[in-house]
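Trainee: Can you read through this structure? Questions will come right after.
The values are calculated or read from the model by the stated rules, or taken from the named source; none is laboratory data. What you see is a predicted model; the values in this text were computed from it and never measured. Heads up, the Cβs are rebuilt from the backbone with ideal geometry, glycines too, and the neighbour counts pull from every protein chain shown. With ligands, DNA and RNA removed, areas are computed over all heavy atoms of the protein, side chains included. Shrake-Rupley method; radii C 1.70, N 1.55, O 1.52, S 1.80 Å.
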Amino acid sequence: MSIDLVAIENKWNEEWLNKRIFEAEVIDNKKPYMIVPAFPYVNGNLHIGHIRTYTTADVVARYKRMRGYNVLYPIGFHATGTPIVAVAERLANNDQDMIKQLKNDKIPEDVIQKMRDPIEIVNYFIPRQLEAFKRYGMSIDYRRQFVSIEPLFSKFIEWQFNKLYEKGVLVKGTHYVGWCPLEKNAVGQHDTKGDVQPEIEKLVAIKFKLKDSNDYILCLTYRPETIFGATNLFINKNAKYRRVLIDNVSYIVSNESIIFVENQFNNVEVKDDVLDASSLEGKLVVNPVNNEEIPIWTADFVEPDFGTGAVMSVPMHDAFDYVYSKVYATSHGLELKPRKLIDTKELDLEKLMNEVYNEATANNSINRYIIEKYNESLYKKEFKDGILTIEPYKGMNVKEARERVKEYLLSNGYAIDYYIIANKEKVKCRCGALVVPKIINDQWFIDYGNKEWKKLAKELLDNAIIFPDKARKAFYDAAEWISLRAAERSNGLGTRFPFNKDHIIESLSDSTIYMTFYTYVHILRDKKIRPEQLSFEFFDYVINGIGDPETVSEKTGIDISTLKSIRESFSYWYSYVHRHSGYDLIPSHLTMAVFNHALILNRENWLKVLSVNGYVIANSEKMSKSLGNVLLALDMADKYGADVVRLAVAAGANLFSEYDFTDVVVNGIKESVQFLFDLLDNISSMNETKLKAIDYWLYSKLNRKIKEVTEYMESLELREAYVRAFYESINELKRYIHFNGNNPVVITEFLEKLALLLNPIMPHVSEELWHRLGNESFASLESWPTPNEELIDDSIEAMMDIIDSNVEDIKRLTSMLAKKNKSYKRIEIYIAKKELYDIYNSLVENINPEELKNKYSNYASIIDNYTKKLKKGGMRLKLDKSMIYELMEGYKEHLRSILNTDIVILDSDNAAIRDDKMALPDKFKIRIQE
RNA sequence: GCAGGGGUGGCAGAGCCUGGUCAAAUGCGACGGACUCAAGAUCCGUUGGCCUAGUGCCUACGUGAGUUCAAAUCUCACCCCCUGCACCA
């Protein structure tokens, strides 16, 4: 009968919750293990990608629980930050895309209407996400849930930031953000058209002083080192230019770039007069590095809305500059003297530039596409292989020279830093305005660049176990790389920034040591403790053990015993914390968690284990809300069963690889589960009581499996573990049946152990199997099976291998006969004489072959052959004739059905049998009866 | 650009650390067969190319070069893909 996975799941989920078996309390003499996956952000329903992460955590939780640890698996909800507010705002603006997305997410129409209020979004998704957690049988202690925007938690965050301040890592500074000049808002990825992240890049803008004037023409450049070869400047003939004072220095930039200047510099004054390009054309400017006077020319490739609307022209090292300069010079009867500054082997610049020029101007107009193509490869080559040929940079490679020249220009006031949005396509705010870089002054930062702090963080990493091992490098790398990080932002949900109450605490920073909250939040609720009671003294005491309960009690009004139990709960659970997350969060969340733990928490409370897993993609495509191909957790549970999905997503791929969720694979798992239950139903019809060879084989496989799976579980190699625990088990059971295995005791034991091995990944199936096998207890609370090493029998497994290779020979033989159209009545299989097995086993035991030859003189050549084989390392294990005979007898029926012919197993020791060509211990004799 | 991870047969994915036993585990898919009224499940076989069909030959593990008696495996260079890159969770 087809198994109803959904019914089983519901039954056990209810049982587990009713019996509260996953609610964890402090048990003094039991080792704690707290596993914390990243809490989900509550702006949508959980999808199978989430399920991968939470199942991986659950596998750890269940496994460790079965290994005798006191396990705490808590969950909370993340709501701080901007995305939720952004959704609400977009709904308030009647954004149709947003509405469509929510509809894809199966949100009812009336709920969508209400979601204009961000709190409604939070309130809607929390229960939905909880439903999914429960449905998937996560072994979570649900009493400890909280939301990151609740007042109790805010108190903790305030304390955390006060700690950061005390430790001196909260610093003020300036930084640059993508900015909408129209709405006067910082724009992140979700605020832009097409959801692109505005990338801010710092370049240099070189100041060319206009001759006989106090104005500078500002030229943005990617290649400051080429300034020594500038022959002229280019501006756009059709553009308008303006004067702008930055720190009282007068610059001339295009009208379009005014907005960039205004936003990224502090002291800016824009002049009203508008200059035509023609009023500048032909004038001379001074090259600051060599005081050469060079003219301003015009060219239409200069974009007024990129950079400053003016560029320097270095004809020998830029195809645009070359082509346009030459065109301009030719048409104006001027002379062009390109100067070579960079030498690149195998690159003849003059020839190349001529080539570009001819090709690009072939049709009486200038083909920019051709120029661009040349430029691209020229830039790359010069950057990689170029060597400077001018003093004082002669002999230097381009990479180094660029840095040196930049430094020289900036320190001498010949250039200024200039920020641009680096994206290839122009980035626009949802309102339609062009996004610009904006300087933010007096912004609070967390200084993750602090050397002392970095050292502490690395110490934490040094002492942490990291899964998969491959990720370790990424963690160190991220720790090295992370520097200043904004600590506050202007909008979103969350805790007010203590040092600037107009702002909200940046929401990655408020989810770094939040896990500490799980250890006592249920006590706060039980005792009805109010937010205002959670003073800094409270957290100092609970988290850092500072102060005494009496004083803190007086301060907070929380009674002493409650305080003590909170402190105890924290120090118990937080003595062993395993943090799990998606691998994309290594450079952000996880690294920040590492740093904050290292700085704020006592050493004994540092994170002990860090692990990450990869993405889930669906049918080879990335899941995305806007594409509408997100596979929702609850839908998939209905369709395939929660356990099937769990196995697929959490054990289908290595931790570090992405998993491709496809129908075929998942259906395959479902069928295999069905097989297990079918087998279970068949046990009642099995009646063998004696242990046969095949039973020993199955025992051997089972115990080897337990041993291997345990090893893989310890290193969190879930795929390897469950290939063995699930897929291989099923193959072995099938094989057992093919060999006529029918011992109910053996099968029952196998299935019982299997049920336990499967518990971490398929808890419902496990629990159901366990109970159907007659057990009363919860499989989820049983001990992890231990292998019985004595039952691991290499010999019996070797015998099965020998049978395999012999069966293969038989199959080959019959297929040959079939090809030749020869018919036969039956196949006789001869098992070698006892004497030969004795010889074989003696040789395996390293008995001197010569001795054996004396004893068995008529088998001398056989002894020689086996001695050779033994030397090659071919045979190692003793063979038991009676077992091989018995195994073959058991396999006879199955073989008969495969080959569709009569099979007879014969014993060469039986005198009645004519034995012209000898059967060998590892090579049966096969005779076809025609 | 910087950093991390990769490129293996129709697909997924092991193996590469510790070179040979690797035409490359395992799973899936596809094809053929058995069973079935039929479908599914199950079982058996084929699944780089070639033919003389042999435990045969050729070509293969991103590309090129090198080390070696021997390279998917070691070294170097190159190409390509994925992920992250700052206020965004």
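Trainee: Would you tally the net charge around A:E355, using a Cβ to Cβ cut-off of less than 14 Å, leaving A:E355 out, and scoring K and R as +1, D and E as -1? Write out the running numbers ahead of the final one.
Mentor: Numbers: positive: A:K326, A:K351, A:K373; negative: A:D348, A:E350, A:E359.
Taking every Cβ under 14 Å from that of A:E355, the sum is 0.
Trainee: Same structure again: Go through segment A:422-463 and name the GluC sites (Glu not before Pro) that are in a DSSP coil and have 13 or fewer other Cβ atoms within 10 Å of their Cβ.
Mentor: Working: sites: A:E425, A:E452, A:E459; in loops: A:E425.
Answer by residue number: A:E425.
Trainee: Binned at 5 Å from 0, what are the whole-percent values of the Cα-Cα distance distribution for segment A:805-905, short to long?
Mentor: Spelled out bin by bin, segment A:805-905 gives 2, 11, 18, 17, 14, 13, 12, 8, 3, 0 percent.
Trainee: Could you tell me what % of all Cα pairs in segment A:423-494 have separations over 15 Å? Display every interim value, and only then the final one.
Mentor: Values: 1807 of 2556 pairs.
Above the 15 Å cut-off, segment A:423-494 has 71 percent of its Cα pairs.
Trainee: With every protein chain left in place, what is the accessible area per residue of segment A:186-274 in square angstrom, probe 1.4 Å?
Mentor: Numbers: 3720 Å² over 89 residues.
Accessible surface, normalised per residue, equals 42 Å².
Trainee: With only alpha-carbon atoms counted, please give the Rg and Dmax of segment A:257-355, in Å.
Mentor: 16.3, 51
Trainee: Ratio of Rg to Rh for segment A:762-817, alpha carbon only, Kirkwood?
Mentor: Numbers: Rg = 20.1 Å, Rh = 15.2 Å.
Across segment A:762-817, the Cα-based Rg/Rh ratio is 1.32.
Trainee: So what's the projected area for segment A:1-152, the Cα convex hull averaged over all directions, in nm²?
Mentor: Details: hull surface 46.6 nm².
Answer in nm², one decimal: 11.6.
Trainee: Obtain the radius of gyration and the Kirkwood radius of segment A:289-430 from its C-alpha atoms and give Rg over Rh. Walk me through the intermediate numbers first.
Mentor: Details: Rg = 16.4 Å, Rh = 17.0 Å.
Answer for segment A:289-430: 0.97.
Trainee: Given the protein chains as shown and a 1.4 Å probe, how many square angstrom of A:H78 are accessible, to the nearest 10?
Mentor: Its heavy atoms expose roughly 10 Å² to the probe.
Trainee: Let's test this: bin the Cα-Cα distances of segment A:250-304 at 10 Å from zero up to the farthest pair and state each bin's percent.
Mentor: In whole percents, the pair-distance histogram is 18, 43, 36, 2.
Trainee: Average the reciprocal distances over every distinct pair of alpha-carbons in segment A:18-59, invert the result, and give the Kirkwood radius in Å.
Mentor: Numbers: mean 1/r = 0.0779 Å⁻¹.
The Cα-based Kirkwood calculation yields 12.8 Å.
Trainee: How much accessible area per residue does segment A:370-481 have, in Å², with a 1.4 Å probe?
Mentor: Values: 6190 Å² over 112 residues.
Accessible area per residue, segment A:370-481: 55 Å².
Trainee: Accessible area of A:E688, 1.4 Å probe, to the nearest 10 Å²?
Mentor: Counting only protein heavy atoms, A:E688 exposes about 50 Å² to solvent.
Trainee: Please give the charge dipole size of chain A, origin at the Cα centre, charges +1 on K and R Cβ atoms and -1 on D and E Cβ atoms. Round to the nearest 20 debye. Provide the component values of the computation, followed by the final result.
Mentor: Working: 122 positive and 136 negative charges, 220 e Å.
Dipole size: approximately 1060 debye.
Trainee: How big is D for chain A, in µm² s⁻¹ as a whole number, if Stokes-Einstein is applied with the Kirkwood radius of its Cα pairs at 4 °C and 1.567 mPa s? Let's see the in-between values first.
Mentor: On the way: Rh = 34.1 Å.
After rounding, the answer is 38 µm²/s.
Trainee: What's the ranking of A:590-598, A:173-181, A:607-615, A:55-63 by average number of surrounding C-beta atoms within 10 Å, highest first? All intermediate terms of the calculation are to be shown ahead of the outcome.
Mentor: Details: A:590-598: 24.9, A:173-181: 18.1, A:607-615: 22.3, A:55-63: 27.0.
The densest-packed peptide leads the list: A:55-63, A:590-598, A:607-615, A:173-181.
Trainee: Over chain A, what percent of the accessible surface lies on carbon and sulfur atoms, probe 1.4 Å? Before the final figure, lay out each step's value.
Mentor: Working: 19420 of 41220 Å².
The C+S portion of the solvent-accessible surface of chain A is 47 percent.
Trainee: How many Å² of accessible area per residue for segment A:300-340, probe 1.4 Å? Intermediate values should be presented prior to the final figure.
Mentor: Numbers: 1660 Å² over 41 residues.
Here the per-residue accessible area is 40 Å².
Trainee: Restricting attention to the alpha-carbon atoms of segment A:88-200, what are Rg (one decimal) and Dmax (integer), both in Å?
Mentor: Calculated on Cα positions, Rg and Dmax stand at 19.0, 49 Å.
Trainee: Under the rule a/c < 1.5 gives rounded, and otherwise a/b versus b/c splits prolate from oblate, where does segment A:369-421 land using the Cα gyration tensor? Kindly include the intermediate steps, with their values, before the conclusion.
Mentor: Details: a/c = 2.80, a/b = 1.26, b/c = 2.22.
Judged from the Cα gyration tensor, segment A:369-421 comes out oblate (a/c at least 1.5, b/c at or above a/b).
Trainee: Next question, about the same structure. How many percent of Cα pairs in segment A:696-800 exceed 23 Å?
Mentor: Values: 1250 of 5460 pairs.
Tail of the P(r) past 23 Å holds 23 percent of the pairs.
Trainee: Moving to a separate point now. Once every DSSP H run of n ≥ 4 in chain A is given -39500 (n - 2.57) and the sum is divided by its residues, what mean residue ellipticity at 222 nm do you get, rounded to the nearest 500 deg cm²/dmol?
Mentor: On the way: 33 runs with 407 residues, N = 930.
Mean residue ellipticity at 222 nm (helix-derived): -13500 deg cm²/dmol.
Trainee: Just for the Cα atoms in segment A:72-130, what are the lengths along the principal axes, largest first, rounded to whole Å?
Mentor: Taking max minus min along each principal axis of the Cα atoms, segment A:72-130 gives 43, 23, 15 Å.
Trainee: Restricting things to Cα coordinates, could you compute the convex hull volume per residue of segment A:364-495 in Å³?
Mentor: Working: hull volume 40.2 nm³, N = 132.
Measuring per residue, one finds 304 Å³ for the Cα hull of segment A:364-495.
Trainee: Sticking with this structure for a sec: Counting only protein chains, not ligands or nucleic acids, how are A:R67, A:R724 ordered by accessible area (probe 1.4 Å), most first? Display every interim value, and only then the final one.
Mentor: Numbers: A:R67 105, A:R724 45 Å².
The most accessible residue leads, giving A:R67, A:R724.
Trainee: Given segment A:203-314, what whole percent of its Cα pairs are spread farther than 19 Å?
Mentor: Details: 2278 of 6216 pairs.
Considering segment A:203-314, 37 percent of its Cα-Cα pairs are separated by more than 19 Å.
Trainee: Relative contact order for segment A:523-572: what percent, with Cα pairs under 8 Å and sequence separation of 6 or more?
Mentor: Working: 37 pairs, mean separation 18.5, N = 50.
Normalised by residue count, the contact order of segment A:523-572 is 37 percent.
Trainee: Hey, what did chain A get for relative contact order, percent, Cα under 8 Å, at least 6 apart? If you can, show how the numbers build up before the last one.
Mentor: Working: 1569 pairs, mean separation 128.6, N = 930.
Averaging sequence separation for qualifying contacts and normalising by length gives 14 percent for chain A.
Trainee: In addition: What does segment A:550-670 give for Rg and for Dmax, in Å, if only its C-alpha atoms count?
Mentor: Considering segment A:550-670 through its Cα atoms, Rg and Dmax are 21.0, 64 Å.
Trainee: Just to be sure I understand: of the beta bridges DSSP finds with both ends in chain A, what percent are antiparallel, rounded to 5?
Mentor: 65 percent
Trainee: When the Debye formula is applied to the Cα atoms of segment A:576-636, each taken as the same point scatterer, what base-10 log of I(q)/I(0) results at q = 0.16, 0.17, 0.22 Å⁻¹?
Mentor: With no solvent term, the Cα-only Debye profile gives -0.66, -0.70, -0.88.
Trainee: Using DSSP to define loop residues, name the GluC sites (Glu not before Pro) in segment A:769-828 whose beta-carbon has at most 15 other beta-carbon atoms within 10 Å. Each step should come with its number before you reach the end.
Mentor: Details: sites: A:E776, A:E782, A:E789, A:E790, A:E797, A:E808, A:E828; in loops: A:E776, A:E782.
Within segment A:769-828, the qualifying GluC sites (Glu not before Pro) (loop, at most 15 other Cβ atoms within 10 Å) are A:E776.
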